[in-house]
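K.L.:
Quick one: the structure is below, questions incoming.
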Amino acid sequence: MLIKRLLYLVVFLAFLLASGCTIYFGKETFHTHESLAQTNHQFSYHFVLIPEEVDNEYWRLIEEGAREAATIYNVNLEYLGPKQADSDELLKTIDVAIAGKIDGILTQGMKDQEFISLLNKAVGKGIPVVTVDTDTPNSERTSYIGTDNYYAGFLAGKALIADTTGEQKVAIITGRFAAANQKLRVQGFMDAVEREKRIEIVDVQESNITKIGAVKTTHQLLMKHPEVTAFYGTSALDGIGIAQVVESKNINNLYILAFDTLPETLKLMEKGIIDATVVQYPKQMGYKAVEALFELKQGKEREEIKHTDTTVIHKQDLPFTQATFIGGRRP
Ligand code: BGC
C-alpha cells in the first residue's frame, strides 16, 4: 500500500516537473527574446517558424523569405526546431511555443495524430497556425502555404514520360516515408506513369533527407537493381546524392529527375548529370506564410490554401533563379 502511494507520488512529481519545464522553457525561449527585443523595438507580433530541419539548405530559403516579410510587417520572427529531421523534436518545439504564448506558428505539416492534436490545441488557444511546405488538411490549421505536392509529383511523372523513350526501370529515393509531402510526390508520380506500360517502378527507398543518406541508398539500389535506367529523388538533397554516385561511378545513360533548385542541383544540371528538376519556391512560401499569419492576426479573411508555383525545368532552361519562373512561365 505504502509502496503504491509512494509510486503515485513519484509519478505525480515527475508530471509536475515535466509540465513546469515546458512552461518555463517556453517562457525562456519565447518571452525573454521578446522582452529583450522590446527594449529596443516594439514589434507588432511574435511568430515562430519551425522547420523539418534547421540547417537544411531548402529550409534556410524558406527562412530567408519569412525574414523578408517579417521585416516588412514588423514581426519578431524566431526560427527554431530539430537540428536533424526528428518528428518528436518538432512536436516539442510546438509545445514549447504554445506554452510561451507565441502569437502565431508557422510549421511543416505532418500527418501524425499527436501533431494534429497539438495544432488543434494551439488554434483552440487562439494561436493561428500556418502550415508551410507540407499541409495537414485534416487538422484545424488556419492556412496552408506551399507546393501542391501531389501535383508536383504528377508533373515529375509526366516529365519522365516526355524525356525518355523505350523501357524504363525507375528507382525512387524519397526523403522520409513519414513525411506527408514525400508520400504525395511519390503517389503523384506513380499515378502519372501508371498507364505507361514501358515504365516500371522497381523500388522506393528513403534518404532521411540527407545527401549522405541519398548516396548510400543509391549505392544499395544500384547493387540490388542493376537494371535501373532512371532515378527520381523527391526531396531537395536526393537528386544531388544520386548524381554524386552516378558521376563517381562514371555511369552514362541514367536519367535523373530531382527536386528543387539548390545551387548544387543547378550545377549538376549544367554538367548534364541531372536531367530535370521539379521547381518549388521556398522563399515565396516563407514570405507568403508570414504575410498570411500577419493578416490573420489583423482579422483579415484569408483563403485557406495558397499553393505556390511548381514547374519542371531542364538544362535548356538554365540559368535559373527563383525569380525567373514565377507562375511557371518565363517573364
Ligand atoms: C521538401 C522539404 C524537405 C526538403 C529536404 C524539400 O524538397 O519540400 O519538405 O524538408 O526537401 O531537403
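The values are calculated or read from the model by the stated rules, or taken from the named source; none is laboratory data. These numbers come from a predicted model, not from an experiment. Backbone-built Cβ (ideal geometry, glycine too); neighbour counts: all protein chains shown. For the accessible areas, the whole protein counts, side chains as well, though only heavy atoms, and no ligand, DNA or RNA atoms are used. Shrake-Rupley method; radii C 1.70, N 1.55, O 1.52, S 1.80 Å.
K.L.:
Compute the convex hull volume of the Cα atoms of region 149-279, divide it by the residue count, and report the result per residue in Å³ as a whole number.
P.N.:
Taking the convex hull of the Cα positions in region 149-279, it is 89 Å³ per residue.
K.L.:
I want the local charge near D191. Using Cβ-Cβ distances under 13 Å, sum +1 for each Lys or Arg and -1 for each Asp or Glu among the other residues.
P.N.:
+2
K.L.:
Sort 141-149, 154-162 by the packing proxy (mean of other Cβ within 10 Å over each peptide's residues), most packed first.
P.N.:
141-149, 154-162
K.L.:
Let me ask you something else. Can you give the net charge of the other residues whose Cβ lies under 14 Å from the Cβ of T136, counting K and R as +1 and D and E as -1?
P.N.:
Within the 14 Å Cβ shell, the charges total -3.
K.L.:
While we're looking at this one, here's another question. Counting only DSSP beta bridges with both residues in the chain, what percent are antiparallel, rounded to the nearest 5?
P.N.:
Rounded to the nearest five, the antiparallel share is 10 percent.
K.L.:
Highest first, please rank the peptides 51-57, 233-239 by the mean number of other Cβ atoms sitting within 10 Å of their residues.
P.N.:
The packing order, highest mean first, is 233-239, 51-57.
K.L.:
Moving on to the next point. Nothing charged except the Cβ atoms of Lys and Arg (+1) and of Asp and Glu (-1): what's the magnitude of the dipole of the chain about its Cα centre? Round to the nearest 20 debye.
P.N.:
Approximately 360 debye in magnitude.
K.L.:
Once you have the Cα-Cα distance between T165 and H307, take 0.36 nm times their residue separation minus that, and quote the gain in nm to one decimal.
P.N.:
47.9 nm
K.L.:
Which entries in K197/K315; K224/K271; K83/K125; K183/K300 show an alpha-carbon gap greater than 29 Å?
P.N.:
Checking Cα-Cα distances, K183/K300 exceed 29 Å.
K.L.:
By what distance, in whole Å, do the Cα atoms of region 202-242 stretch along each of the three principal axes, largest value first?
P.N.:
Rounded to whole Å, the extents work out to 25, 15, 14 Å.
K.L.:
At R5 and D191, where each label point lies 7 Å from the Cα along Cα→Cβ, what is the point-to-point distance in nanometres?
P.N.:
Modelled inter-label distance: 6.2 nm.
K.L.:
In square angstrom, what is the accessible area per residue of region 149-279 with a 1.4 angstrom probe?
P.N.:
Accessible surface, normalised per residue, equals 42 Å².
K.L.:
Next question. Using helices alone, I'd like the mean residue ellipticity at 222 nm for the chain: each DSSP H run of four-plus residues gives -39500 (n - 2.57), total over residue count, nearest 500.
P.N.:
Computed ellipticity for the chain at 222 nm equals -15000 deg cm²/dmol.
K.L.:
Sorted from largest down, what three extents in whole angstroms do the Cα atoms of the chain have along their principal axes?
P.N.:
The principal-axis extents, from largest down, are 70, 59, 34 Å.
K.L.:
Ranked highest first by average number of other Cβ atoms within 10 Å, how do 276-287, 203-214 line up?
P.N.:
Top to bottom by mean Cβ count within 10 Å: 276-287, 203-214.
K.L.:
About its Cα centre, what dipole magnitude does region 149-279 give when the only charges are +1 on Lys and Arg Cβ and -1 on Asp and Glu Cβ, stated in debye to the nearest 20?
P.N.:
180
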